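Student: First the structure, which I've put down as structure tokens, then a few questions once you've had a look.
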Amino acid sequence: MKKLILFTLVSIIFLGCEKKSNWNQYLGPNRNAISEETGIIRNWNEQEPEKLWEIKLGPGYGGASVFGDEVFVLDRVEEKWDILRCIDINTGEEKWNYQYDAEGEIPFPGSRIVPYVDKDFVWMVGPHGDFYCISKKTRDKVWYHNLKEEFGAPMPNWGFSQSPVIHNDLVVVAPQGKKAGVATFNKFTGELVWKSRPLTGMSFHASPTPANFGGVDQVIMISPYNRRDSTQIHEVVSFDINSGEELWKYDGLNSFATITPATVIDDKHLVFTDCSNNGNYNPVTILVEILKEEDGFKVNEIFRTEEAGCKMHPPIYYENHLYLNNNGRPNEMTCLTMEGEVVWEKKTAQNFEMGGMIMMDGLIINQNGKNGDIHLVEPSAEGYKELGKASYFNSEKSQAWTPLAFAQGKLFVRDMEKLVCVNLMP
């Protein structure tokens, strides 16, 4: 009897301590658009995923973050306010929000970023450069900076699109201003820890990428050149994330409208992909090797292909292949080898446009950026293998360019009018 009671108590404690999976930042826990969850529905033709709830949002492209039982998304009321919304993951009801004034509007209006969320705080950057830390307990501001005003940052074409990076006690953003290209703050106090030199290119829309090469934690930023100003020159640059020391540069991307962040493959390799290469809207995808040597870091270009490139979302890396929506080849889903060769391309009836991709349980979900449909795809070098399609949007405004999120068996997808939660578990 004592053993049974002890077993029961241990079981209760274990269940009480069991952690729920989170998708608490841009591109997920490892910032690569891949979830480690398993057990999802694997054939949507036999069982279509159920919509659990939807919540109305204003126009925008800001994706969801999930922590525990709460979903966070930065919404916007045009020309007036930005609004951080906290939504119950089970019911879709708004639990609370934090609203601040953000007057004026930009082309393609709406929010742009994915908040970073932990058990206590939310960090986010609004389209006008408003950089906030919000307490989940008090539901109020902890600290605030404005990237535009404090760092002399010009307004990017379509507003600030910085999804913050958190590293230990640091939070990293890229103002891309005259006073600093990258800036790092104490995540609790908002105190500036270090700032980099100004970047050589123009202020644009890629978020910084955290990485570790040669045992050194670093943050990588892409700075595109300006076709209207020859003094603004392209560069990719990496800084030591703890000290701000400049580690290496790469000048081979040569793009003028970079939105897609760099993609870390492993502790030596990095992928760049874009659709603004060499003076026109041409696709390009590049694999580089980052090596630490006695006198510093060396960057070697492994392959470059101008047959494929994604304008907005990073590729998915799986079993030595890259999968991406090739916006340079009328929006076809494309599979590349790690030598840069196109294995196959697939255009659906309505194409994938600039929809996002996400991966879990060895399967890819690819969203049609034009109508919001989501497609379940089995990644394979043998060809495009679709396992089903589901539709949750029917508006003429279903422009769906938002990064997807997945946590606790639930997929979160957005168009220009609403956020939808879909159950992917049997």
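Student: Of all residues in segment 377-426, which are over 18 Å from the mean Cα position of the chain (by Cα), assigned to a loop (DSSP other than H, G, I, E, B), within 24 Å of ASP75 (Cα to Cα) and hydrophobic (A, V, I, L, M, F, W, C)?
Tutor: Within segment 377-426, PHE393 is the sole residue that qualifies.
Student: Same structure again: Limited to segment 168-182, what total is found for residues that are over 22 Å from TYR225 (Cβ atoms) and in contact with a Lys or Arg (Cβ under 9 Å, 6 or more places away or on another chain)?
Tutor: So the count comes out to 4.
Student: Specify the residue that is surrounded by the fewest Cβ atoms within 10 Å (Cβ to Cβ); the eligible residues are those in segment 222-275 that are in a strand (DSSP E or B) and hydroxyl-bearing (Ser, Thr, Tyr).
Tutor: TYR250
Student: Select from segment 265-310 the residues that are hydrophobic (A, V, I, L, M, F, W, C), more than 18 Å from ASN32 (Cβ to Cβ) and in contact with a Cys (Cβ under 8 Å, 6 or more places away or on another chain) and list them in ascending order.
Tutor: Result: CYS275, VAL284.
Student: Still on this structure, I have one more. Out of the residues in segment 95-127 meeting the condition of being modelled with pLDDT of 95 or more, in a strand (DSSP E or B) and not aromatic (Phe, Trp, Tyr), tell me which one is surrounded by the fewest Cβ atoms within 10 Å (Cβ to Cβ).
Tutor: Ranking the candidates gives ASP101 first.
Student: In addition: Does THR402 satisfy the condition of being among the β-branched types (Val, Ile, Thr) and surrounded by fewer than 19 Cβ atoms within 10 Å (Cβ to Cβ)?
Tutor: When the stated conditions are applied, THR402 does not pass them.
Student: Looking only at segment 196-216, count how many residues are of a type in the set (Phe, Trp, Tyr) and touching a strand residue (DSSP E or B) at 6+ places or on another chain (Cβ under 7 Å).
Tutor: Matching residues across segment 196-216 total 1.
Student: Considering only segment 162-192, how many residues are modelled with pLDDT of 95 or more and either within 20 Å of GLY110 (Cβ to Cβ) or surrounded by 21 or more Cβ atoms within 10 Å (Cβ to Cβ) (or both)?
Tutor: Matching residues across segment 162-192 total 17.
Student: Continuing with the same structure: Of all residues in segment 44-94 being of a type in the set (A, V, I, L, M) and over 18 Å from GLY126 (Cβ atoms), which is surrounded by the fewest Cβ atoms within 10 Å (Cβ to Cβ)?
Tutor: Filtering first and then ranking leaves LEU52.
Student: When you go through VAL193, VAL219 one by one, which is the residue that is under 27 Å from PRO315 (Cβ atoms), in a strand (DSSP E or B), of a type in the set (A, V, I, L, M, F, W, C) and in contact with a strand residue (DSSP E or B) (Cβ under 9 Å, 6 or more places away or on another chain)?
Tutor: The conditions single out VAL219.
The values are calculated or read from the model by the stated rules, or taken from the named source; none is laboratory data. Remember, it's a predicted structure, so these values are computed and weren't measured experimentally. FYI the Cβ positions are ideal-geometry reconstructions off the backbone, even for glycines, and counts take in every protein chain you see.
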